[in-house]
1. Hey, does the range 179-194 have a residue that's crowded, with 20+ Cβ neighbours inside 10 Å, out of contact with any Asp or Glu (no Cβ under 6 Å at 6 or more places or on another chain), outside any helix (DSSP H, G or I) and among the polar types (S, T, N, Q)?
2. Check whether at least one residue in the range 205-218 is among the aliphatic types (A, V, I, L, M), part of a loop (DSSP other than H, G, I, E, B) and at pLDDT 90 or above, and report yes or no.
3. Is there any pair linking a residue in the range 194-223 that is over 28 Å from Arg17 (Cβ atoms) to one that is surrounded by fewer than 19 Cβ atoms within 10 Å (Cβ to Cβ) and of a type in the set (D, E, K, R), with Cβ under 6 Å and at least six apart or on different chains, and which?
4. Which of the residues that make up the range 87-116 are surrounded by fewer than 15 Cβ atoms within 10 Å (Cβ to Cβ), of a type in the set (S, T, N, Q) and not in a helix (DSSP H, G or I)?
5. Would you please list the contacts, defined by Cβ atoms under 8 Å and residues six or more apart or on different chains, that run from a residue in the range 135-158 that is of a type in the set (Phe, Trp, Tyr) to a residue that is part of a strand (DSSP E or B)?
6. Just the residues that are modelled with pLDDT of 90 or more and either out of contact with any strand residue (DSSP E or B) (no Cβ under 7 Å at 6 or more places or on another chain) or not hydroxyl-bearing (Ser, Thr, Tyr) (or both), please, taken from the range 115-134.
7. Among the residues of the range 72-90, is there at least one that is in the same structural domain as His204 (by TED's automatic domain parsing) and aromatic (Phe, Trp, Tyr)?
8. For the range 1-57, name all the residues that are among the aliphatic types (A, V, I, L, M) and assigned to a loop (DSSP other than H, G, I, E, B).
Amino acid sequence: MTDRWLIALDIDGTILREDGTVSDEVIAQVQRVRDLGHEVMLATGRSVSMTLPVLDRFDISPHYIVCSNGAITLERDADAPTGYSRIAVDSFDPSEVLTTIRESLADASYAVEDENGFYRYTGFFPDSTLGASSQKVAFEELLEHEATRVVVISPEHAIEDFLSIVERMGLHKVTYNVGWTAWLDIAPDGVNKATALERVREWHGIPRSRVMAVGDGRNDIDMLEWASLEGRGVAMGQAPHEVLAVASEVTASDLDDGVAILFADF
């Protein structure tokens with residue numbers, strides 16, 4: 001197919017509702033666009049282990065998947081136990097950023113994801129957020145392992161207060177995005193969904209004018225800006241103002257099956 005599109009879909013709040021459910025119509029439209037010959041893939045902040053089950057729910061097997069906000073890119077691999085292997089991994093030493101943040105957020109909970117998708121964490125994380133591959137450790141042990149992502153949650157802070165604290169930290173050596181419930185994702189410097197997707201686009205040989213990205217969160221801003229330059233950057237209807245501002249289009253919310261509505265005219 002010479003005019004195929006590269007379509008990158010965020011997961012939570014985009015193809016899945018925030019409660020983890022998905023409508024049959026969204027699944028059907030994703031599969032229909034895939035069957036037209038377009039490359040429909042996932043680009044998510046989720047770890048590898050939390051991403052792969054979503055493929056099964058949608059019965060899709062894209063050639064590449066972007067996980068951990070761009071720090072890990074998977075390639076389809078029939079010989080791998082999961083059907084995918086890591087083709088690109090970006091990591092960093094998290095010790096400086098962890099100690100810096102802890103000075104301002106001493107009571108927060110912290111997690112470090114390594115290149116294998118294993119989380120070491122301190123404090124409390126809801127069971128559904130880290131997956132089975134995790135271990136609670138002392139804070140000092142978090143400083144000893146290379147990270148593809150650092151996660152900080154501070155439920156007692158309102159999101160606006162959390163944003164203000166994070167901005168004052170001057171995290172110039174890492175790329176960070178704030179999500180729901182005062183959730184902070186910290187990635188290697190200059191790494192985000194957009195940098196990973198540009199690499200995927202080049203591998204596929206698809207023009208920039210035929211890329212589409214769909215998302216709803218602050219960690220989707222770079223991806224939507226990247227897609228909007230020459231292609232289509234689509235924000236979900238419930239997205240925060242700063243996400244809506246960078247998109248070239250807006251579809252309906254996740255609760256109103258915005259992805260299905262978007263794809264119906266594809």
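The values are calculated or read from the model by the stated rules, or taken from the named source; none is laboratory data. Just so we're clear, the structure is a prediction, and the values are computed from it rather than from any experiment. As a convention, Cβ positions derive from the backbone with ideal geometry for all residues, glycine included, and neighbour counts pool all protein chains shown.
1. The answer is no, given that none of the residues of the range 179-194 is crowded, with 20+ Cβ neighbours inside 10 Å, out of contact with any Asp or Glu (no Cβ under 6 Å at 6 or more places or on another chain), outside any helix (DSSP H, G or I) and among the polar types (S, T, N, Q).
2. Scanning the range 205-218 turns up at least one residue that is among the aliphatic types (A, V, I, L, M), part of a loop (DSSP other than H, G, I, E, B) and at pLDDT 90 or above.
3. What qualifies is Arg208/Glu230; Ser209/Glu230.
4. Within the range 87-116, Asn116 is the sole residue that qualifies.
5. That search, which allows pairs on different chains as well, returns Phe139/Tyr110; Phe139/Thr122.
6. Those that are modelled with pLDDT of 90 or more and either out of contact with any strand residue (DSSP E or B) (no Cβ under 7 Å at 6 or more places or on another chain) or not hydroxyl-bearing (Ser, Thr, Tyr) (or both): Arg120, Gly123.
7. yes
8. Met1, Ile11, Ile15, Val22, Leu36
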